[in-house]
Amino acid sequence: MRFGATFGGAGVIRGDLTPECTAAITAVFAALGNKRGAEDHRTQDQRYQMPRSLQEYLRAKLIELAGQPDAEALVARIRARKAAHPVSLTAKQILAYRDEDRR
């Protein structure tokens, strides 16, 4: 993938994207392309051309991600919880208890 700045400071991205990356970019533009209430009279093109909205969206997503524990912290928390409650159940027992609760 190539990224560069053009005349006037606009950016250009060129390259092949994985299906996951395409889905993520599509979701970003879909989120930005939504109207912000009945008083929003912008056209779809105008809504898509909002770098500030993109920055706000990405900032919110980064803050959300930063608040999540990393994998090591998550495993440590699970191990601590498991050590504090030394009950050992098999998957079969867990499913049986689940089915019992549904009745």
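Where in segment 51-103 are the helices (runs of 4 or more DSSP H), entirely inside, with at least 1 residues that are without any contact (Cβ under 8 Å) to a residue 12 or more places away in the chain and farther than 30 Å from Asn34 by Cβ?
Helices (runs of 4 or more DSSP H) meeting the threshold: 71-84, 91-102.
Name the residues in segment 18-56 that are modelled with pLDDT under 75 and hydroxyl-bearing (Ser, Thr, Tyr), would you?
Of everything in segment 18-56, those that are modelled with pLDDT under 75 and hydroxyl-bearing (Ser, Thr, Tyr) turn out to be Tyr48, Ser53.
Could you list all residues from segment 1-44 that are of a type in the set (S, T, N, Q) and part of a loop (DSSP other than H, G, I, E, B)?
Listed by number, the residues that qualify are Thr6, Thr18, Asn34, Thr43.
The values are calculated or read from the model by the stated rules, or taken from the named source; none is laboratory data. Note that this is a predicted model, so its numbers are computed, not measured. Note: ideal-geometry Cβ built from the backbone for every residue, glycine included; neighbour counts use all protein chains shown.
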